[in-house]
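A.B. asks: Below: one structure in structure tokens.
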Amino acid sequence: MININEEKKEFHLQGKNVSYIFNVMKNGQLGNLYFGKKIRHRDNFEHFFYQPEVGIGIIAHHEDDPGFSLEYYKQEYPSYGTTDFRKPAFQLESEDRSRVSDFTYKGYRVYKGKEKLDGLPSTYMESVEEGDTLEIELEDKTLNCSLFLTYTVYNDRDVITRNAKFVNNGNENVDIHRAMSFALDLPDYNYEMIHLSGAWARERFIKNRKLEVGCQYIDSTRGASSAHQNPFIILKRPETTENAGESIGFALVYSGNFLAHVEVDHFDATRVTMGINPFDFKWQLKGGESFQTPEAIIAYSDNGMNDLSQTFHKLFRERVARGEWRDKERPILVNNWEATYFDFNEEKIVAMASKAKDLGFELFVLDDGWFGKRNDDKTSLGDWFPNLEKLPNGIKGLAEKVVDKGIRFGLWFEPEMISKNSKLYEEHPDWVLGVKNRRLSMGRNQYVLDLSKKEVRDYIVDILSERFAEAPITYVKWDMNRNMTEITYQDLPHKYILGLYEILEKLTTKFPHILFESCASGGGRFDAGMLHYMPQVWTSDDTDAIVRLNIQHGTSLGYPLISMGAHVSDIPNHQTARKTSLKTRNNVAAFGNFGYELNLLEFDKETGEEVTKYLDFYKENRNLIQFGDFYRLESPFEGNTAAWMVVDKNKGEALVGHFTILAEPNPGYNKKVILKGLDSEKKYLINDEYEAYGDELMNVGIVFPQPDRYFSKDSETQDFKSKIFKLKEVK
């Protein structure tokens with residue numbers, strides 16, 4: 001709901017449990033009055049606006065009003081150069097080299113529902129009754145430019161989205177140096193900032209820091225959102241836990257260079273901005289043109305971090321992801337990569353697919369090595385036609401043979417890249433992203449294609465459309481294995497991302513039956529922007545079950561289980577050389593989009609039967625796992641255990657996973673896990689063994705049997721143990 005006090009020029013957005021209030025200040029700019037727990041509307045919020053009687057700052061409005069200086073005030077989209085010395089939300093430069101802006105209020109419009117962003121992914125509504133949108137128009141008459149700030153509030157979600165659009169109404173060029181998607185000024189800095197950091201094979205580890213006076217930020221300059229930082233942060237009160245307390249989450253619906261910046265000023269106020277990274281960024285806005293920022297999502301909870309996460313999970317699952325696969329259960333797949341790498345032929349692949357079908361898998365995925373002369377990673381990217389030496393009947397013939405076995409077929413591509421040793425490079429060396437007449441850096445033996453060029457985008461759409469149309473392909477793994485270097489122009493990284501989105505929009509529209517999974521050397525581009533086109537992401541190349549506890553736990557702060565590819569692989573693990581039991585590998589991978597990547601042909605009868613049992617268990621609980629409410633019970637970042645839980649919408653069934661990382665000598669008694677999210681009045685059957693009411697399970701918990709305390713030289717390791725508990729309502 002959007003309430004407007006016309007006389008006072010006050011705007012009040014109300015979501016399910018959140019209020020956002022701002023006004024037009026006396027200088028015509030927008031001031032923030034309140035963001036937080038939902039409050040009732042009234043006809044005057046003037047008392048929320050504090051202005052000192054006599055200021056010591058530089059006067060922004062009029063010399064007869066000595067208290068009005070912008071450095072005192074919370075603002076909605078602060079500018080550079082007019083008495084606010086904090087980091088601005090935007091910075092423009094005119095042809096006379098002036099970088100001072102003064103956008104003042106011109107008007108507003110309110111409408112039901114939500115409009116699409118031109119060329120960019122965003123949240124959406126399926127009905128105009130889901131929420132309302134407020135668009136504020138401001139103008140800078142000197143620049144002859146308009147600025148549109150758009151706010152959308154969902155009625156039944158604690159979510160507000162924001163974006164900004166600049167329009168050049170004049171004839172002179174204006175350069176945009178900074179254009180954040182939003183700014184949110186908060187009155188104090190008693191927060192901790194949580195962000196998700198890491199690197200290849202250890203993406204999205206949870207980091208927590210207390211806000212201090214000054215600037216703290218995370219960003220990416222790699223041309224992708226990256227494995228190193230994620231465009232998602234949380235500000236939480238120090239006392240906030242998983243299940244109680246206030247927290248605010250921020251996510252950017254964007255897959256390129258980004259900045260998430262938090263500044264605490266000399267008055268202890270906090271300013272949060274997020275958007276395209278202004279580092280090495282400049283966009284020339286010509287007369288009559290517009291520039292649209294990506295969308296940012298702001299979510300609120302006063303019921304703890306887990307509640308905030310569930311808000312993001314439902315939004316990403318229901319109103320960011322789209323298409324046929326959004327609400328469908330995802331198939332259990334097996335990928336050949338760690339089983340064969342580049343060493344395979346048609347006979348071996350068909351045999352693996354046949355074995356996969358017999359064991360109970362639903363989708364067979366052929367990974368890298370099927371195209372051009374691709375026998376190693378030094379050749380053929382861009383040559384998306386089948387290697388007939390390996391696959392004499394081509395992809396069409398292979399896919400048909402696989403499908404005839406009664407299992408779906410999927411295929412790996414890396415469309416954004418090009419190998420120097422390829423036909424495509426011989427024909428179009430100018431398609432490589434890079435500075436002419438300079439040595440180009442090589443990464444993963446490949447270069448990046450310049451997606452800002454229309455001819456490159458058209459080639460990718462055409463060649464992939466040929467492959468998709470000729471064979472019964474129902475799944476595509478879309479990989480991207482290197483970041484940008486030797487960037488020519490300051491607008492190129494953003495144009496590249498816009499080009500990528502254009503390609504994905506065309507392909508996903510043309511082939512709606514294909515389930516696309518995003519990959520970027522694992523989780524190097526796990527963001528809401530990619531989820532708009534590809535509803536699941538390969539979470540990490542690291543399939544070690546113990547490292548995955550951290551990766552999947554951290555990822556769950558913002559992203560739902562259904563978006564996380566989670567696979568069982570061989571031991572010793574190819575990333576850590578660790579040996580974990582098949583049981584634990586399955587139990588960890590079960591909390592995600594389940595799959596395998598190992599050589600099924602090496603299974604003996606006993607192993608095959610065990611695998612089938614795990615597949616049947618996942619199928620039985622797939623809907624619960626992929627669409628239920630997820631709870632983090634114990635954190636691997638805080639101790640020697642991890643525990644997760646999924647509860648269905650009716651609180652009639654639940655699945656609990658408990659994981660012990662290292663064995664402890666002479667452990668204490670009364671080891672247990674406290675559950676969440678159940679109905680306290682309902683009685684549950686646990687693992688078909690005993691019954692307990694919800695209130696008992698959420699206060700006393702599930703108590704574990706006393707462990708053995710003595711072991712012999714023949715005992716198996718007690719490290720890396722796991723337990724799964726299935727709860728069903730007793731009716």
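A.B. asks: Search the structure for amide H atoms under 5 Å from the amide H of residue 18, placed 1.01 Å from N in the peptide plane, and list their residues when 5 or more places away or on another chain.
C.D. replies: The answer is 38.
A.B. asks: Let a ≥ b ≥ c be the square roots of the eigenvalues of the Cα gyration tensor of the range 462-544; is it rounded (a/c under 1.5), or, if not, prolate (a/b larger than b/c) or oblate?
C.D. replies: oblate
A.B. asks: Using the Cα centre as the reference, give the magnitude of the dipole from point charges on the C-beta atoms of the chain (Lys, Arg: +1; Asp, Glu: -1; all else neutral), rounded to the nearest 20 debye.
C.D. replies: The dipole magnitude comes to about 860 debye.
A.B. asks: Divide the volume of the convex hull of the Cα atoms of the chain by its number of residues and quote the answer in cubic angstrom per residue.
C.D. replies: 175 Å³
A.B. asks: Here's a follow-up. Hey, if you put +1 on the Cβ of every Lys and Arg and -1 on every Asp and Glu Cβ in the chain, which of 476, 111, 32 ends up farthest toward the positive end of that dipole?
C.D. replies: 476
A.B. asks: From the C-alpha gyration tensor of the range 118-168, pull out the three semi-axes of the equivalent ellipsoid (sqrt of 5λ each), sorted largest to smallest, in whole Å.
C.D. replies: On the way: eigenvalues 140, 27, 13 Å².
Listed largest to smallest, the semi-axes of the range 118-168 are 26, 12, 8 Å.
A.B. asks: Let me ask another. When the Kirkwood hydrodynamic radius is evaluated over all pairs of different C-alpha atoms of the range 538-581, what value in angstrom, to one decimal, is obtained? Please report the intermediate quantities before stating the final value.
C.D. replies: Numbers: mean 1/r = 0.0926 Å⁻¹.
Averaging 1/r across every pair of different Cα atoms and inverting gives 10.8 Å.
A.B. asks: Separate question: Any idea what the dipole of the range 225-337 comes to, in debye rounded to 20, about its Cα centre with Lys/Arg Cβ at +1 and Asp/Glu Cβ at -1?
C.D. replies: About 480 debye.
A.B. asks: Magnitude of the Cβ-charge dipole of the range 61-152, K/R +1 and D/E -1, about the Cα centre, nearest 20 debye?
C.D. replies: That gives a dipole near 220 debye.
A.B. asks: Which one, 561, 618, 540, is farthest towards the positive end of the dipole of the range 512-631 when Lys and Arg carry +1 and Asp and Glu -1 on their Cβ?
C.D. replies: 561
A.B. asks: Could you tell me the largest-minus-smallest coordinate of the C-alpha atoms of the range 385-536 on each of the three principal axes, in descending order and whole angstroms?
C.D. replies: 51, 37, 26
A.B. asks: Quick one: what are the phi-derived ³J(HN,Hα) couplings along the range 548-563, Karplus 6.51/-1.76/1.60 with θ = phi - 60°, whole Hz, x for glycine and proline?
C.D. replies: With coefficients 6.51, -1.76 and 1.60, one gets 4, 4, 5, 4, 6, 5, x, 4, 5, 4, x, 10, x, 4, 5, 8 Hz.
A.B. asks: Counting pairs of Cα atoms in the range 108-239, how many percent are more than 18 Å apart?
C.D. replies: Beyond 18 Å sits 69 percent of the P(r) for the range 108-239.
A.B. asks: Compute the Cα gyration tensor for the range 36-187, then decide on rounded, prolate or oblate, letting a ≥ b ≥ c be the square roots of its eigenvalues: rounded whenever a/c is under 1.5, prolate when a/b is larger than b/c in the other cases, and oblate in all that remain.
C.D. replies: oblate
A.B. asks: Per-residue HN-Hα couplings for the range 251-263, Karplus 6.51 cos²θ - 1.76 cosθ + 1.60 at θ = phi - 60°, whole Hz, x for Gly and Pro?
C.D. replies: With the stated coefficients, the range 251-263 comes to 9, 9, 8, 6, 10, x, 4, 9, 9, 10, 10, 10, 10 Hz.
A.B. asks: Expressed as cubic angstrom per residue, what is the convex hull volume of the alpha carbon set of the range 485-610?
C.D. replies: Cα-based convex hull of the range 485-610, divided per residue, equals 149 Å³.
A.B. asks: Would you list the P(r) distribution for the range 555-660, with all Cα-Cα distances sorted into 10 Å bins from 0 and each bin expressed as a whole %?
C.D. replies: 13, 44, 33, 9, 0
A.B. asks: Could you give P(r) for the range 552-601, binned at 5 Å from zero, as whole percent values over all Cα-Cα pairs?
C.D. replies: 5, 20, 25, 26, 15, 8, 1, 0
A.B. asks: Quick one: Cα centre-to-centre distance for the range 191-264 and the range 429-480, in angstrom?
C.D. replies: If you average the Cα positions of each part, the centres end up 31 Å apart.
A.B. asks: May I pose another question? How far apart, in nanometres, would the label points at residue 635 and residue 388 be if each is projected 7 angstrom from Cα along the Cα-to-Cβ direction?
C.D. replies: If labels sit at residue 635 and residue 388, their model points lie 5.8 nm apart.
A.B. asks: Provide, in order from the shortest bin, the percent of all Cα-Cα pairs of the range 505-559 in each 10 Å bin, continuing until the bin that contains the maximum pair distance.
C.D. replies: 24, 47, 23, 7
A.B. asks: A further question follows. Take the residue pairs 579/726; 454/506; 390/619 and return only those whose Cα atoms are more than 23 Å apart.
C.D. replies: 579/726; 390/619
A.B. asks: What is the distance in Å between the Cα centres of the range 544-566 and the range 311-342?
C.D. replies: With the range 544-566 and the range 311-342 each reduced to a Cα centre, they are spaced 13 Å.
A.B. asks: Give the Rg/Rh ratio for the range 575-719, taking Rg as the radius of gyration of the Cα atoms and Rh as the Kirkwood radius, to two decimals. Spell out each step's value before the answer.
C.D. replies: Numbers: Rg = 16.9 Å, Rh = 17.3 Å.
Taking Rg over the Kirkwood Rh, I get 0.98.
A.B. asks: Also, quick follow-up: Averaging over every viewing direction, what projected area does the convex hull of the Cα atoms of the range 654-731 cover, in nm²?
C.D. replies: Over all viewing directions, the range 654-731 projects a mean Cα-hull area of 5.8 nm².
A.B. asks: What list of ³J(HN,Hα) couplings, whole Hz, do you get for the range 359-370 from phi and the Karplus terms 6.51, -1.76, 1.60, once you set θ to phi - 60° and write x for glycine and proline?
C.D. replies: Calculated HN-Hα couplings, in order: 7, x, 6, 10, 8, 10, 10, 8, 8, 4, x, 8 Hz.
Every read-out reported here was derived from the displayed coordinates using simple, explicitly stated rules and does not represent laboratory data. The model shown is predicted, which means the values in this text are computed figures rather than measured ones. Ideal geometry is used to build each Cβ from the backbone, glycine not excepted, and the neighbour counts take in all protein chains shown.
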